[in-house]
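Right, one structure below, let's go through it.
The values are calculated or read from the model by the stated rules, or taken from the named source; none is laboratory data. Worth saying up front: this structure is predicted, and the values here are computed from it rather than measured. Positions of Cβ are generated from backbone atoms using ideal geometry, with glycine treated the same way; all protein chains shown enter the neighbour counts. Accessible surface areas use protein heavy atoms only, side chains included; no ligands, DNA or RNA. Shrake-Rupley method; radii C 1.70, N 1.55, O 1.52, S 1.80 Å.
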Amino acid sequence: MMAGERSSAALVLTFCIAEALLMAGFALVPSLLPQLSQRWSLSATAGGWLGSIFFLGYILAVPVLVSLTDRIDARRIYLAGATVSALALAGFASFADGLASGLGWWWLAGLGLAGTYMPGLKALTDRLPVAVQARGTAFYTATFGVGAGLSYLWIGLLQGRLPWPWLFAIAAVCAALSMLLVWRGIAPGKPLMATQIGRSHWRSVVGDRRILAFCGGYFGHNWELFGFRAWLVAYLTWTHARTPDSWTAMPGLIAALATFLAVPASILGNEGAQRWGRARWLQTVMPLSGVLAIVVGFSGGQSSRLLLPLLLVYAASMNLDSAALTAGLLTETSPEKRGTALALYSSIGFAGACIGPIAFGVALDAFGRSLQAGWTAAFVTLAGGVGFGRWAIGRIGAAPPPAHLS
């Protein structure tokens, strides 16, 4: 391995470890939702809001924070975001005692993610050679799934042994370690050219139909993905209460396994997009996960020998488009617009992450949280989200590639 390759690999590894540490608290509310709903007397809609407020904090902050990476070193923004995440998780552990306070602290944790996820990707790609940026992006975005899976796993293992505030405290320590790793392990970048990010800069990004197509695809992807993850443990808990089984007795473990599958699926998805064409790949795999969402919705109440493999296949399928979308946006956008494009992409995409859990919860309340019909309707909302993403990606073919690629 050449020195440059070792340096690139070390950069990717450092950022991926930092991201996984930062993600330690990601599954706290989804994993504890049955417990918090009972403790705080929450309806399914209120539970959906508690799950989605994290992403509302994200989308309110990300346009400012990520667009700033076109002017200042993204490493600085990452360090601030990781600090906010640690404080928010510590605050939830110490002061959350009901829906209102829980919403406030979990919203702040989402703001911390806005300062770390895409700024971390920008800091990484700014330091990588052009030839390895797409694969570096794929590994970084796939690590989101690693971190989320580890989060479900350790919380599932410890929530029966520790009071829930202690779980938030542990996650706060992990976020602080993430900040320290980037602070000590990543050197500050070279000063960036002063770029005025004004209306004309944003207009050039918003007016790019190809960027908007990727944004719409990411909106649909996140609607499905985070709606599923927010309610997966609750769904498995309901399934176990209805038909007890040794597998559904461990919902945290199943949720972790389903989330880990995002890693190979996301990386393979990007390789497939590079081999067969990005638009063609996305237009194929997004309808696949939509169909599987409906099949899962109608399969509740079946034997776990049928339901669990189906859930895991579905969990993998919904990630076949993840890295392909993000790498497409990065590699097909000119460098001077990349930070602003990522800001728009993240804002629109995580608006879907905010809507998905709420739509799921509203469907549950409307059709019956204790009934199969309620869960069927809820899974249909996931298919609706990714269906919109597929429609948006269909607009790629109508837009010319960016000028810098021609």
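Of all residues in region 266-284, those satisfying the criterion of being open to solvent by 10 Å² or more (accessible area, probe 1.4 Å) and either closer than 16 Å to ASN222 by Cα or in a helix (DSSP H, G or I) (or both) are ILE267, LEU268, GLU271, GLN274, ARG275, TRP276, ARG278, ALA279, ARG280, TRP281, GLN283, THR284. Scanning region 178-202 for residues that are open to solvent by 100 Å² or more (accessible area, probe 1.4 Å) and at pLDDT below 80 turns up LYS190, PRO191, MET193, ALA194, GLN196, ARG199. Residues in region 285-302 that are in contact (Cβ under 8 Å) with a residue 60 or more places away in the chain and surrounded by fewer than 19 Cβ atoms within 10 Å (Cβ to Cβ): PRO287, VAL291, ILE294, PHE298, GLY301. Of the residues in region 169-177, at least one is touching a helix residue (DSSP H, G or I) at 6+ places or on another chain (Cβ under 8 Å) and either modelled with pLDDT under 85 or open to solvent by 70 Å² or more (accessible area, probe 1.4 Å) (or both).
Taking the criterion of being within 30 Å of LEU180 (Cα to Cα), open to solvent by less than 10 Å² (accessible area, probe 1.4 Å) and of a type in the set (A, V, I, L, M), the residues of region 34-62 that qualify are LEU50, VAL62. Out of all the residues in region 273-283, which are touching a Leu at 6+ places or on another chain (Cβ under 9 Å) and either within 17 Å of GLY384 (Cβ to Cβ) or at pLDDT 90 or above (or both)? Of everything in region 273-283, those that are touching a Leu at 6+ places or on another chain (Cβ under 9 Å) and either within 17 Å of GLY384 (Cβ to Cβ) or at pLDDT 90 or above (or both) turn out to be TRP281, LEU282. Condition check: open to solvent by 10 Å² or more (accessible area, probe 1.4 Å), under 17 Å from GLY145 (Cβ atoms) and modelled with pLDDT under 90. Does VAL313 satisfy that? So VAL313 fails the test. Residues in region 284-291: is at least one at pLDDT 85 or above, farther than 19 Å from LEU157 by Cβ, assigned by the TED database to the domain that holds GLU332 and hydroxyl-bearing (Ser, Thr, Tyr)? Scanning region 284-291, I find at least one residue that is at pLDDT 85 or above, farther than 19 Å from LEU157 by Cβ, assigned by the TED database to the domain that holds GLU332 and hydroxyl-bearing (Ser, Thr, Tyr), so the answer is yes. When ALA279, ALA262 are checked against the criterion of being within 23 Å of LEU32 (Cα to Cα) and touching a residue at least 60 places away in the same chain (Cβ under 8 Å), ALA262 stands alone in meeting it. Restricting region 233-255 to residues that are assigned to a loop (DSSP other than H, G, I, E, B) and not charged (D, E, K, R) leaves a set whose member that is least open to solvent (accessible area, probe 1.4 Å) is THR248. Among the conditions (1) at pLDDT 90 or above; (2) surrounded by fewer than 21 Cβ atoms within 10 Å (Cβ to Cβ); (3) not charged (D, E, K, R), the only one that ALA258 does not satisfy is (2).
In summary, LEU157 fulfils each of the numbered conditions (1) more than 21 Å from ILE17 (Cβ to Cβ); (2) modelled with pLDDT under 95 with the single exception of condition (1). Residues in region 142-163 that are touching a residue at least 24 places away in the same chain (Cβ under 8 Å) and more than 17 Å from GLY227 (Cα to Cα): ALA142, THR143, VAL146, GLY147, LEU150, LEU153, TRP154, ILE155, GLY156, LEU157, GLN159.
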